[in-house]
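Engineer: Would you mind keeping the following structure in view while I ask a few things?
The values are calculated or read from the model by the stated rules, or taken from the named source; none is laboratory data. Note that the structure is a prediction, hence the values are computed from the model and not measured. Note: ideal-geometry Cβ built from the backbone for every residue, glycine included; neighbour counts use all protein chains shown.
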Amino acid sequence: MRISIFVFIMKEPIAELLSKYPVNRKEGLLPILQEMQREYGFLPEELLGEVGRHLNLPVNKIFAVAAFYDYFRFKPQGHHHIQICRGTACHLAGSSTYLNELEKHLKVKAGSTSRDRKFSLELMNCMGACESAPVLRINETFYHHVTPEDLTRIIRSIKDKTD
């Protein structure tokens, strides 16, 4: 029942989004997925069938393309989407300890979203800022050279914003 309500609510915006792109033109796939990601914050599985019908593409091909890119998500993110770098430099600078602290204090496991959708935690292979290790990203804000004190302050700050 919940899924059908979701589809009903989402159907109109997806029709509007798809109307911007020519029918049966496969080259529209990435722009459509990017716009869906911006609009919904993730790629709702229920809507990918609509995209497939519009572009005349099987849904499994759409999933394959979307799964190739780290940018696309198949689950909703939390209000505070936290990415922690696990590259070599960040690992050596203690990012695993920071990961444990984030999981403990925010009550969310890496790769998931908290039940209340306030927080999501994602591990990144590398954020390309090795000289600034360890690195965190919360939504669009990067935190470089994070110390244990910084992490405590960051956790307190984001928890205060959600209470």
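Engineer: Can you confirm whether Ala110 is surrounded by 15 or more Cβ atoms within 10 Å (Cβ to Cβ), without any contact (Cβ under 8 Å) to a residue 40 or more places away in the chain and not assigned by TED's automatic domain parsing to the domain that holds Phe42?
Structural biologist: Answer is yes for this residue.
Engineer: For Arg73, work out the one condition from (1) in contact with a strand residue (DSSP E or B) (Cβ under 7 Å, 6 or more places away or on another chain); (2) surrounded by 13 or more Cβ atoms within 10 Å (Cβ to Cβ); (3) not polar (S, T, N, Q) it doesn't fulfil.
Structural biologist: The single condition Arg73 does not satisfy is (1).
To keep it simple, each residue is scored yes or no on (1) farther than 28 Å from Asn139 by Cα; (2) among the aromatic types (Phe, Trp, Tyr); (3) in contact with an Asp or Glu (Cβ under 9 Å, 6 or more places away or on another chain); (4) touching a residue at least 12 places away in the same chain (Cβ under 8 Å).
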residue	(1), (2), (3), (4)
Leu18	no, no, yes, yes
Val23	yes, no, no, yes
Glu50	yes, no, no, yes
Val59	yes, no, yes, no
Tyr71	no, yes, no, yes
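Engineer: On to the next question. How many of the residues in the stretch 14-61 are hydroxyl-bearing (Ser, Thr, Tyr) and either surrounded by fewer than 13 Cβ atoms within 10 Å (Cβ to Cβ) or within 26 Å of His79 (Cβ to Cβ) (or both)?
Structural biologist: 2
Engineer: Okay, moving on. If Lys104 satisfies every condition in (1) modelled with pLDDT under 95; (2) within 26 Å of Phe74 (Cα to Cα); (3) in contact with a strand residue (DSSP E or B) (Cβ under 7 Å, 6 or more places away or on another chain) but one, which is the exception?
Structural biologist: (3)
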